[in-house]
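Asker: The structure's right below; bear with me while I get my questions together.
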Amino acid sequence: MDALQRWSGRVLVVDDDADLCALLVAGLATQDFAVDARNSAEAGLEAIEHGSYDVVLADVNLPGMSGLEFCAKLGRERPDLTVIVMTAFASMQSAIAAIRAGAYDYIEKPISVEAVGLRVARIVRECRIRDEAARLRELVAPTAGFGALSGVSAAMRRTYELLARAAETDAPVLITGESGTGKELAARALHEHSGRRAHPFVVVSCAALPEAQLDRELFGQGASADGGERPGAFVQARGGTVLLDEIGELPLALQLKLQRALEDKRIRPLQGETDVDIDVRIIATTHRDLDALVEEQRFREDLFFQVNVIGVQLPGLRHRGNDVLVLAQQFISRFAAANRKPVRGLSAVAAQRLCDYDWPGNVRELRNCIERAVALARGEELDVLDLPERVRAHESTHVVIAADPSSLVPLDEVERRYITKVVEAVGGNKTMAARILGLDRKTLYRKLERYRATGGT
């Protein structure tokens with residue numbers, strides 16, 4: 001990512017002192033700047049017209065057009081260009097005149113190349129951060145998302161397209177993905193873009209309730225001791241959508257009852273004496289590997305096929321590239337406003353750390369990270385020290401070949417360790433792990449069974 005690389009830039013030196021020009025060209029080049037030099041304002045203007053520069057260093061006293069006139073012309077015609085004037089006159093008047101003419105700053109002669117390099121680096125860095133912030137503000141426009149989902153990566157754009165197509169139907173949808181990827185947001189967006197949006201959206205958490213209570217939440221309860229009835233989600237959401245959140249946690253007995261209800265499109269509440277017709281759209285979410293649960297006979301295959309007519313896989317944040325910065329910028333704006341903080345963006349180092357981190361908790365973890373950072377921040381941009389320790393200290397995974405031959409291991413052992421690491425990284429989701437590893441699911445299962453049999457996991 002260009003904006004996160006080492007800060008360097010292009011500099012134009014305009015001075016009639018050939019020795020000073022040579023000194024600055026050679027000295028700034030050692031600090032990773034590309035430097036051109038011209039000996040008059042007219043030649044400098046021609047260079048700017050045909051080239052691209054981040055900073056211009058111009059002498060106040062130039063032959064022909066003066067340095068102050070040069071600054072004024074650039075201020076009118078190229079306000080995007082940062083100009084620093086160099087003056088041999090250690091007077092406030094010349095500095096004020098230069099800044100009034102359009103210069104960003106001034107430097108007194110004799111020149112220190114090291115000091116000039118630091119000044120230019122700071123200016124280039126500020127410009128790049130400003131440009132990156134502007135770019136991110138464009139990226140986080142309302143059009144860059146689907147409902148409350150945000151992001152501009154290719155993976156998310158494919159997800160938006162699939163959700164939009166699914167919204168045109170009444171088919172059941174199974175949304176899968178790691179914890180924190182936004183599965184419920186995707187489900188709500190799907191409902192809000194569907195023909196059922198004028199009717200209720202009812203969420204049932206299959207993981208949070210004991211079986212008996214979950215039964216009542218789903219199917220309702222007939223006449224109770226006090227003479228009242230408790231409608232379940234399928235009745236409450238009539239004409240709308242029922243979200244079965246974390247359906248992989250649904251007990252087997254309720255799986256059978258749910259499968260029959262979806263097959264017959266009718267339910268019978270607990271203690272009820274008559275069936276009730278249902279008219280709802282089913283959306284289910286899970287972070288579990290339902291394929292594996294079916295093979296292990298912990299999830300009914302017939303129910304799996306009923307809820308998985310359209311499958312939507314939400315990618316983990318580490319697979320979404322620049323979306324980390326897009327979402328971070330959104331969260332910064334939100335939490336800065338909520339906390340009345342002047343924070344506007346990220347420092348380059350902080351942005352790089354966010355991009356390097358793996359985000360096992362995905363968008364939920366990023367949100368928490370930025371909320372904490374904004375709350376603790378003291379300036380207008382989040383610095384690396386504002387980030388949590390786990391993000392600051394993270395190092396990208398890389399392969400190291402040991403220098404000691406005795407510590408080397410066979411290729412099969414390297415494969416075993418890598419496969420085990422991938423399975424752990426995706427929370428045990430073997431379907432996702434197989435996709436990442438480039439294996440078919442049955443091959444992965446055989447390898448994992450062999451590792452277990454040999455005590456390798």
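Asker: Report, to the nearest 10°, how far helix 252-264 tilts away from the longest principal axis of the Cα atoms in the chain, using its own Cα long axis and a range of 0 to 90°.
Answerer: Taking Cα atoms only, the helix is inclined about 90 degrees.
Asker: Nearest-5 percent of antiparallel DSSP beta bridges in the chain?
Answerer: The antiparallel fraction comes to roughly 10 percent.
Asker: Going by amide H atoms built from the backbone, whose H comes under 5 Å of the H on Val203, apart from near neighbours?
Answerer: Those qualifying (amide H under 5 Å, at least 5 residues apart or on another chain) are Leu243.
Asker: Eight or more residues apart or on different chains, and alpha-carbon atoms under 29 Å: count the Lys pairs in the chain matching that.
Answerer: Here the count comes out as 13.
Asker: Another one. Each label point is 7 Å from the Cα along the Cα-to-Cβ direction; what then is the distance between the points at Glu77 and Glu371, in nm?
Answerer: Between Glu77 and Glu371, the simple spin-label model gives 5.3 nm.
Asker: Give, in nm to one decimal, the length gained when the segment between Arg125 and Asp32 is fully stretched (0.36 nm per residue of separation minus the Cα-Cα distance).
Answerer: Using 0.36 nm per residue and subtracting the Cα-Cα distance, I get 32.2 nm.
Asker: Ranking request for peptides 11-20, 44-53, 277-286: highest mean number of other beta-carbon atoms within 10 Å first, then the rest in descending order.
Answerer: Packing order, densest peptide first, comes out as 277-286, 11-20, 44-53.
Asker: So how do Phe146, Phe304 line up by other beta-carbon neighbours within 10 Å, fewest first?
Answerer: The most exposed by this proxy come first: Phe304, Phe146.
Asker: Divide by every residue of the chain the summed helix terms, -39500 (n - 2.57) for each DSSP H run of at least 4, and state the resulting mean residue ellipticity at 222 nm, rounded to the nearest 500 deg cm²/dmol.
Answerer: Mean residue ellipticity at 222 nm (helix-derived): -14000 deg cm²/dmol.
Asker: Using the beta-carbon distance between Arg452 and Ala253 and R0 = 35 Å, what value does 1/(1 + (r/R0)^6) give for FRET efficiency, to the nearest 0.05?
Answerer: Calculated value: 0.75.
Asker: What ranking, highest mean first, results for peptides 202-214, 366-378 when packing means the other Cβ atoms within 10 Å averaged over each residue?
Answerer: Output ranking for 202-214, 366-378: 366-378, 202-214.
Asker: While we're on this one: Between helix 67-77 and the chain, what is the angle of the helix's C-alpha long axis to the longest principal axis, kept within 0 to 90° and rounded to the nearest 10?
Answerer: Computed tilt is about 30 degrees.
Asker: Still on this structure, please answer the following. Give the long-range amide H neighbours of Val13: residues separated by 5 or more places, or on another chain, with amide H under 5 Å away, using H modelled in the peptide plane at 1.01 Å from N.
Answerer: Asp36, Ala37, Arg38, Leu57
Asker: Using only Cα atoms and rounding to the nearest 10 degrees, what angle (0 to 90) does helix 183-192 make with the longest principal axis of the chain?
Answerer: On a 0 to 90 degree scale, this one is about 80.
Asker: Something else: Rounded to whole Å, give me the distance from the Cα center of region 322-391 to that of region 64-127.
Answerer: If we compute the Cα centre of each part, the gap is 34 Å.
Asker: Using a 7 Å offset from the Cα along the Cα-to-Cβ direction at both Lys442 and His319, what is the distance between the two label points in nm, to one decimal?
Answerer: Calculated label separation equals 2.3 nm.
Throughout, read-outs are computed from the coordinates displayed, never taken from laboratory work. Just so it is clear, the model here is predicted, and its values are computed rather than measured. Glycine also receives a Cβ, built like all others from the backbone with ideal geometry; neighbour counts cover every protein chain displayed.
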